[in-house]
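Have a look at the structure below, then the notes.
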Amino acid sequence: MKAIQLLALHQPLALVDVPDPVPQPGEMVVDVKAAGLNHRDVFVQQGLYPGIVLPVFPGSDGAGIVSAVGEGVDRSWLNCEVIINPALNWGANHAVNSPAFTILGMPTAGTFAEKIVISKANVYHKPSHLSFDEAAALPLAGLTAWRALMSRAALSQSNPERVLITGVGGGAALFALQFAVAAGADVWVTSGSDEKLAKARELGAKGGVNYKEADWHKTLLKLATNGDAAQSKAGYFDVIIDSAAGPDFAKLTQVAAPAGRIAFFGGTSGKITDVQPSVIFFKQLSIFGTTMGNDAEFADMLRFVEKHQLRPVIDSVRPLAEAQAAYDRLHAGQQLGKLVLSIA
């Protein structure tokens, strides 16, 4: 079979021929029809990810058809259309992953290949309304967004809340937007791109601001509160989902409503600085770190996606041989939505 391999840091990806995988007891072989990219893939190539083991066959997200099963796996899975959960060995504690936890695609051989062998525990039926390309865009970013929004920040699905999602061009942020809108929340966003702000409005956001503006948080509060000075001073957003951290994190505490919850899962903007402790304790804010998610959360996310017939936003689809071009686009931050590799 053909697969994408990363042989060394800072080197282009290689398209190679390798033997077809053989399932061991409890495993399946999935003929991969589509695979999705994540920033994690680019970070590994750049040497910016912990515990890198090379060479590696990258790729965390994938969807396809089961073509073989190992001993102990029900043969009724054969020929089923499936989606892969890339969170391996989460463990029994739903609150935090086990020391054995890893993510598919490094060091374990990933989805940028024509076939992959994977534990039955990580294979789920593909939501029927999604194409393979759409399903492949969902797993890692969708699971990250789901846990941040629904588990850690505990967004209410019965009492509409006010939500802010930062950096909405990213895959996880877009999923958080879609999940929050489907749950009935009043959603606002930030982005460094006016085009991405416009796309967020198409997906149901009430509005947004460009975070390149120095006092974007003040503009946001004015827009969201219709100029109500008292409301702006108190803060507005019940739930904030952030993937950047950095100096602007302090502004998130300013726009958070009393008893607000802030969940974050990235640090692309660097260290959190200038946060005033008094803002946090006088407002009774809760701040949560989060990443990926457990098996139950993955199943819950799939049910929610199917119930609301949600479809991932896809930036572009390329053949497997053009994986490096997809990496380059993701690294440049040019994407709006998920980049997908289509595999014959």
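The values are calculated or read from the model by the stated rules, or taken from the named source; none is laboratory data. As the structure is a computational prediction, the values presented were derived from the model and not from experiment. Here Cβ is always computed from backbone atoms with ideal geometry, including for glycine, and neighbour counts include all displayed protein chains. When the accessible area is computed, the model is the full protein with side chains, heavy atoms only, and any ligands, DNA or RNA have been set aside. Shrake-Rupley method; radii C 1.70, N 1.55, O 1.52, S 1.80 Å.
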Query - region 102-130 residues that are at positive phi and of a type in the set (Ser, Thr, Tyr), paired with ones that are part of a loop (DSSP other than H, G, I, E, B) and modelled with pLDDT of 95 or more (beta carbon under 8 Å, 6 or more apart) - result: none
Report summary line: Within region 292-325, the residues that are under 26 Å from Ile4 (Cβ atoms), among the small types (Gly, Ala, Ser) and within 17 Å of the chain's Cα centre (by Cα) are Gly293, Ser316
Query - Top-ranked residue in region 183-199 [being out of contact with any strand residue (DSSP E or B) (no Cβ under 8 Å at 6 or more places or on another chain) and hydrophobic (A, V, I, L, M, F, W, C); ranked as surrounded by the fewest Cβ atoms within 10 Å (Cβ to Cβ)] - result: Ala198
Report task. Kindly check whether there is at least one residue in region 66-76 that is free of Cβ contacts under 8 Å to residues at least 60 places away in the same chain, more than 22 Å from the chain's Cα centre (by Cα) and in a helix (DSSP H, G or I). Result -> yes
Query - Search result, residues across region 162-205 that are under 20 Å from Lys218 (Cα atoms) and in a loop (DSSP other than H, G, I, E, B) - result: Thr166, Gly167, Val168, Gly192, Ser193, Ala205
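Can you give me the ranges of the helices (runs of 4 or more DSSP H) entirely in region 230-344 with at least 1 residues that are of a type in the set (Phe, Trp, Tyr) and free of Cβ contacts under 8 Å to residues at least 24 places away in the same chain?
Those helices (runs of 4 or more DSSP H) span 277-283.
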Query raised in the report: Which strands (runs of 3 or more DSSP E) does region 1-56 wholly contain that include 3 or more residues that are open to solvent by less than 30 Å² (accessible area, probe 1.4 Å) and under 25 Å from Gln334 (Cβ atoms)?
Result: 27-36
**Report entry** Residue under evaluation Gly289, criteria (1) under 28 Å from Ala182 (Cβ atoms); (2) more than 16 Å from the chain's Cα centre (by Cα); (3) open to solvent by 20 Å² or more (accessible area, probe 1.4 Å); (4) at pLDDT 95 or above, criterion not met
**Finding:** (2)
Report task. Test Gly59 against the criterion of being open to solvent by 10 Å² or more (accessible area, probe 1.4 Å) and part of a loop (DSSP other than H, G, I, E, B), and give yes or no. Result -> no
Requested in this report: Scan region 237-286 for residues that are touching a Lys or Arg at 6+ places or on another chain (Cβ under 6 Å) and either of a type outside the set (Phe, Trp, Tyr) or open to solvent by 10 Å² or more (accessible area, probe 1.4 Å) (or both) and jot them down.
Outcome: Asp238, Val239, Pro258, Ala263, Ser286
Query raised in the report: Of (1) touching a helix residue (DSSP H, G or I) at 6+ places or on another chain (Cβ under 6 Å); (2) buried (at least 21 other Cβ atoms within 10 Å of the Cβ), Gly207 satisfies all except one. Which?
Result: (2)
Report summary line: When region 294-329 is checked residue by residue, the ones that are open to solvent by less than 10 Å² (accessible area, probe 1.4 Å) and within 20 Å of Val168 (Cα to Cα) are Met301, Val305, Ala326, Tyr327
Query raised in the report: Residue check: is Leu149 more than 11 Å from the chain's Cα centre (by Cα), open to solvent by less than 30 Å² (accessible area, probe 1.4 Å) and either within 26 Å of Gly59 (Cβ to Cβ) or modelled with pLDDT under 95 (or both)?
Result: yes
Query raised in the report: Just checking, which of Ala234, Ala263, Ala244 is at pLDDT below 95 and within 16 Å of the chain's Cα centre (by Cα)?
Result: Ala244
Query - Pairs, first farther than 20 Å from Ala321 by Cα in region 8-28, second in a loop (DSSP other than H, G, I, E, B) and open to solvent by 70 Å² or more (accessible area, probe 1.4 Å), C-beta under 6 Å, six or more apart - result: Pro25/Glu71; Pro25/Gly72; Gly26/Gly72
